[in-house]
Structures are given as C-alpha cells and as structure tokens.
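The values are calculated or read from the model by the stated rules, or taken from the named source; none is laboratory data. Everything quoted here is computed from the prediction, not taken from an experiment. Here the Cβ positions follow ideal geometry from the backbone for every residue, glycine too, while neighbour counts run over all protein chains shown. Surface accessibility is based on the protein's heavy atoms, side chains included, excluding ligands, DNA and RNA. Shrake-Rupley method; radii C 1.70, N 1.55, O 1.52, S 1.80 Å.
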Amino acid sequence: MTRQTKTTRGGNAVEVRGLVKHFGEVKAVDGVDLDVREGTVLGVLGPNGAGKTTLVRCLSTLLVPDAGRAVVAGCDVVRQPRALRRRIGLTGQYASVDEKLSGFENLYMIGRLLDLGRKDARARADEMLQRFSLTEAAKRPAGKYSGGMRRRLDLAASMIGRPSVLYLDEPTTGLDPRTRNEVWQEVQRMVREGATVLLTTQYMEEAEQLAHELAVIDRGRVIAEGQVEELKAKVGGRTLQIRPADTGELDAMAGALAQAGLDGVGGATADHAEGVVNVPILSDEQLTAVIGVLGAHGFALAGISTHLPSLDEVFLALTGQKSSGTDEAGGPQPSDEHEQYAEVGA
C-alpha cells in the first residue's frame, strides 16, 4: 500500500485559530492554529499528554474551548454545535458501542438518529458491516465481540452517516495488522469520496500511509507542520550513501572528501559493516560536488543512494522527552466513555 499523495481541493474543511483549553492550571491546548484542506487527511502526532485528544474533543463539541475560534464543515464549533454534529463523525480511543445491542442494531440505531429512513438505515448498516468484515457477527450482541471486532464496529458507527469531516483519535490502537489495513483502506475510500479526516496516531507507519500533511503537537502547541518529506528535511537533511566498487577504498574515499573541504558538506564517515561512505548533505549541488571529488580521484562507484531520517527520528527530534504528569485531556477522564461520545451526530 502506498502513502496518499498530496491533492488539491477547494478550501479548508477545518480552520482553527488560537484555540485554548484549560484544566485548572494545566493549559492542555495552548493557542493551536490548524488548517485541514477539504478531501485530505491531516495526521496529528505528539507524545502522550500533548493535547491531541483535548483538541479533538473541542473540535467535535464535546468540550467548549476557553479561547480562540474553530470552524469545521462551515460550522462554528461553539455557536453551531447541533448543526456541526450532523456533519462530523468521531471515533475515540476506546470503543463506545452499546454492548447490549447487536452489531446491526448499533449501526441501525445511529443511522436513524442521523435521520436516515428505515430502509436507508438498514442498507447503510449492512454496507458498513460488510466493509468491516462483521456480517457474520451482525446479529450477535456487541458485548460478545472481541476487542478488535468492537473497534471495527465503532469505526463503522462513526462513518455510517457519511460525515464530511471525520475525527479518528488513535483509531487502530490494539488492532492486528490485517484489521489495521482494513481500517486504512476504508479511510482512504472515504477520502476519495470527498471526506476530510483529522487523524491522531502514535503509529508512524500509519501517519505515512494515510496523511497528506502532518502537524506535531507538544505541550498543547503545534511545533511543526508540513508534508512528511518536508519535516524530514527540516530535522536532518539527507545522507548520501556511496558504495565503492572496491570496499577496500572506503577509508581512502572518506579521507579524500575530508581533504576536499567542500562548502556545507558534513564529515564523511566510512561504514565498513554496510560497505558505504556516509556523507551528510543539504542540497543537490552538494551531491554533485561530492561525486565530482570522487571522480577526480579516480574512485570507481558501485552505487549511490540518499537517505532521509525516518518519521520516528523526526518525531523524537521534535518532541524530545515525552510529556508526563497529566492524562491526554489534561484532567480526569469521564467515567462513561460511551456517554461521552454518543452525542456526536445525534
């Protein structure tokens, strides 16, 4: 599966300016600015306690921000909460389905709450059960589902109303690789059909697969944003990896580059285990200059490649030590997760 490519749509489905949310003296969200373009996925990364879930709860009307403004799907989150709930879907960190109802009954109920007619609600429930491989368990009480099955049912519930904006707060935590791929495919399908997604995740692979752009949050603030490649370039630039035809020349190649004193090129190092010379570079011009030096010394090359830092390395470089001392919302968690999320879309 390849990562989503950047697309161009009309405008912003989500616009956030100066959003602030306090829990006592803790400022869980501290002046956040965000834009999410229509029909794209914004991946929101950050350590535990960074404020990601609090941000999602503010944008989905579950919490009222203390300051700032947010417009989602054309609705002000504070002034037009009822209208907004009709246009969004939300999957929180924990499954919020009614365990006494069957899988079908859960989805049918939500469809009816969203004003779908009986026939349309049945059809949509059947469609989502099939998409998430739950058809065989459709009549079984959700309380008898496995954890992964409940998670899939919860995701189906958030999508049943075809929301124009979908919030996914760490949606694949605890899922096996096959189920995770199914969730990814469904998210990509919704985006192709025009939905906009704000995704919080701790999985770097998930962010790379799904997100068109990323925002990194730490201590309630956006500390970096851009496409994956842009963030990688900001953090560490590129490393040029040169493989000589004769591995016995590794030290000689590294020495030649060190003596050349190329402007802006970092120190070359010989990696005997991998059989390459690593050279930190910042531009294509520096790459050309390095190859020129090696050619002038008569070194024969077997291969050349460039390496960008991984998204994990970017995350660690940007956030440093993980936040601690507060939960993700900055305060006590609600005692009833189902009650907390059930109102969205109702």
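I need the Kirkwood Rh of segment 147-200: take the reciprocal of the average 1/r across all distinct C-alpha pairs and report it in angstrom. Walk me through the numbers on the way to the answer.
Values: mean 1/r = 0.0887 Å⁻¹.
It works out to 11.3 Å.
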* Directionally averaged projected area (convex hull, Cα atoms, segment 34-167), nm² -> 9.0 nm²
* To do: Report Met204's accessible area, 1.4 Å probe, all protein chains in place, as a number in Å² to the nearest 10.
  => 20 Å²
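Counting only Cα atoms, I'd like the Rg/Rh figure for segment 169-247, Kirkwood definition for Rh.
Values: Rg = 16.6 Å, Rh = 15.0 Å.
Result for segment 169-247 is an Rg/Rh of 1.11.
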* Please calculate how many Å² of accessible area the chain carries per residue, with a 1.4 Å probe and no DNA, RNA or ligand atoms counted. => 47 Å²
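Are there any trypsin sites (Lys or Arg not before Pro) in segment 75-118 that are in a DSSP loop and have at most 12 other Cβ atoms within 10 Å? List them by number. Can you show the working numbers first?
Values: sites: Arg79, Arg82, Arg85, Arg86, Arg87, Lys100, Arg112, Arg118; in loops: Arg79, Arg86, Arg87, Lys100.
Sites meeting the loop and neighbour criteria: Arg79, Lys100.
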* Where does helix 118-131 land angle-wise versus the long Cα axis of the chain, in degrees 0 to 90, nearest 10? -> 30 degrees
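Between His307 and Asp33, what FRET efficiency follows from the Cβ-Cβ distance if R0 is 35 Å, with the result rounded to 0.05?
Details: r = 32 Å, r/R0 = 0.92.
After rounding to 0.05, the efficiency reads 0.65.
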* After finding the eigenvalues of the alpha carbon gyration tensor for segment 127-176, what semi-axes result from the square roots of 5 times each, listed largest first in whole Å? -> 18, 14, 8
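Put Arg124, Arg180 in order of accessible area, largest first, 1.4 Å probe: what do you get? Don't jump to the answer; show the numbers that get you there.
Working: Arg124 15, Arg180 45 Å².
So, going from the largest accessible area down, we get Arg180, Arg124.
As a quick test, which of the pairs Lys52/Lys119; Lys21/Lys119; Lys27/Lys144; Lys27/Lys232 have an alpha carbon distance above 32 angstrom in this structure?
Working: Lys52/Lys119 38 Å; Lys21/Lys119 42 Å; Lys27/Lys144 39 Å; Lys27/Lys232 29 Å.
Violating the 32 Å limit, Cα to Cα: Lys52/Lys119; Lys21/Lys119; Lys27/Lys144.
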* How many percent of the accessible area of segment 172-315 is carbon or sulfur, using a 1.4 Å probe? -> 47 percent
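Restricting to Cα atoms and excluding each atom paired with itself, what does the Kirkwood estimate give for the chain in Å?
Working: mean 1/r = 0.0447 Å⁻¹.
Computed over Cα pairs of the chain, the Kirkwood hydrodynamic radius comes out at 22.4 Å.
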